[in-house]
Amino acid sequence: MAATVLNVIVAKNRQLGTNEYYSYQSGRDCCSAAAAPYNHHRNLLPFHGGKTLLAWRSGISSMHLPKYQTAFVKRPSIYYCNAALSTTAVPYIDKVDFMKLQNGSDIRGVAVPGVEGEPVTLTEPVTEAIAAAFSAWLSEKKKVDASKPLKVSVGHDSRISAQVLQDAVSRGIASAGLDVVQYGLASTPAMFNSTLTEDEAFLCPVDGAIMITASHLPYNRNGFKFFTNAGGLGKADIKNILERAVDIYNSFTDEGLMKSKREASESLKRVDYMTVYTSDLVKAVRKAAGNIEKPLEGFHVVVDAGNGAGGFFAEKVLQPLGANTSGSQFLEPDGMFPNHIPNPEDKTAMKAITQAVLENKADLGIIFDTDVDRSAAVDSTGREFNRNRLIALMSAIVLEEVRSSYFCCLK
Ligand SMILES: [Zn+2]
């Protein structure tokens with residue numbers, strides 16, 4: 001077993017994912033065109049940030065779930081392939097078992113078609129309903145002051161369904177009257193951190209955060225993790241959100257869905273939050289190391305991001321701290337995970353990082369899972385660090401309070 005650590009910043013309330021297969025069958029595969037405007041799943045590259053603030057907005061802040069409380073449109077339970085298609089058709093609403101999407105304190109489902117026996121469960125309307133449900137839950141929790149809409153940040157890992165789901169999540173949030181701040185490619189710890197960061201220029205702190213990820217699961221899966229400044233949501237909260245989502249989903253109307261599309265495009269903001277997050281991380285390590293600008297000078301660290309979201313760690317965290325990161329691999333996001341599964345508990349993945357460390361004669365190797373909330377490390381001899389030493393290492397990286405120099409003890 002690899003020495004895996006659940007990155008401490010999100011350790012509480014999180015549960016390691018398990019493979020869960022869903023047997024839901026939509027019953028209208030032959031008529032997928034009837035799902036327009038939701039049939040445009042494509043392989044889109046995730047938003048990688050790049051500009052500090054690409055913001056535009058207009059006021060939609062006075063809306064609080066109005067459309068979901070209006071007409072209930074019950075669709076026939078049988079669709080025929082020769083049925084007249086409408087670009088505003090309400091998606092099939094009868095057979096979604098929302099409760100099966102719960103996986104502990106996460107939501108998980110199938111987001112990409114094409115794998116036999118694994119029909120898509122995380123459709124765009126399902127996603128929109130879940131995001132609207134989270135928004136309603138959050139509004140209740142935070143006892144909203146109507147003059148100031150709550151803000152929810154949305155980020156995603158490198159999966160090929162990321163962009164489509166990010167758009168659907170944004171529509172769900174906007175339709176509930178909350179502000180949406182998209183981060184694009186992000187890590188799970190960063191999403192939680194966005195509820196704590198004090199930086200108005202980057203619209204922080206946000207009131208809630210949604211990470212779109214299925215962690216280490218195969219490319220066709222995806223899911224959601226939710227955060228407030230109190231941490232990750234627990235099982236009971238997720239159940240509550242899914243129950244709300246059922247009602248919202250069943251109340252969808254053609255007009256409502258089109259309206260939420262408009263609202264999202266009008267109210268959306270994009271922020272390169274990972275720049276703030278990584279520079280804060282770098283500052284924290286410098287401080288912890290006794291205010292040394294480059295505490296990792298002369299230290300060679302190889303990173304393996306497995307084509308997940310963790311590639312930033314080499315260039316944006318380790319290099320500014322003085323580390324040599326040459327030999328780092330699979331840093332480019334690729335949602336098909338062509339090299340190995342981004343999972344520190346996977347044997348092939350651990351072999352890849354071990355080899356990279358030995359070939360590059362590095363001092364340390366770090367491997368992340370897809371959304372960067374789990375990692376493992378190997379030392380210069382290719383030995384995996386045991387859990388305690390690794391937790392000590394990660395704690396030192398993310399916790400400002402840790403004052404002692406930690407890399408000296410790894411040598
Ligand atoms: Zn993960």
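What to note about this one:
- Failed condition for residue 313, given (1) under 17 Å from the mean Cα position of the chain (by Cα); (2) buried (at least 19 other Cβ atoms within 10 Å of the Cβ); (3) in a loop (DSSP other than H, G, I, E, B): (3)
- Qualifying positions in segment 211-225 - closer than 20 Å to residue 125 by Cα and within 14 Å of the ligand (Cβ to nearest atom): 211, 212, 213, 214, 221, 222, 223, 224, 225
- Hey, residue 311 within 16 Å of the ligand (Cβ to nearest atom) and without any contact (Cβ under 8 Å) to a residue 24 or more places away in the chain or not: yes
- Residue check for residue 328: within 16 Å of the ligand (Cβ to nearest atom) and crowded, with 21+ Cβ neighbours inside 10 Å: no
- Checking segment 173-194 against the condition returns a match, with at least one residue being closer than 19 Å to residue 275 by Cβ and either touching a Cys at 6+ places or on another chain (Cβ under 8 Å) or not assigned by TED's automatic domain parsing to the domain that holds residue 223 (or both).
- Candidates 356, 377, 362, filtered to the one that is more than 12 Å from the ligand (Cβ to nearest atom) and either in contact with a Lys or Arg (Cβ under 9 Å, 6 or more places away or on another chain) or at pLDDT below 95 (or both): 377
- Residue ID - farthest from residue 224 (Cα to Cα), chosen from residues in segment 161-185 that are in contact with a Pro (Cβ under 9 Å, 6 or more places away or on another chain) and in a loop (DSSP other than H, G, I, E, B): 177
- Segments classed as helices (runs of 4 or more DSSP H), wholly inside segment 208-294, with at least 2 members that are among the aromatic types (Phe, Trp, Tyr) and crowded, with 19+ Cβ neighbours inside 10 Å: 273-288
The values are calculated or read from the model by the stated rules, or taken from the named source; none is laboratory data. As the structure is a prediction and not an experimental result, all values here were calculated from the model. So basically every Cβ, Gly included, is an ideal-geometry build from the backbone, and we count neighbours across all protein chains shown.
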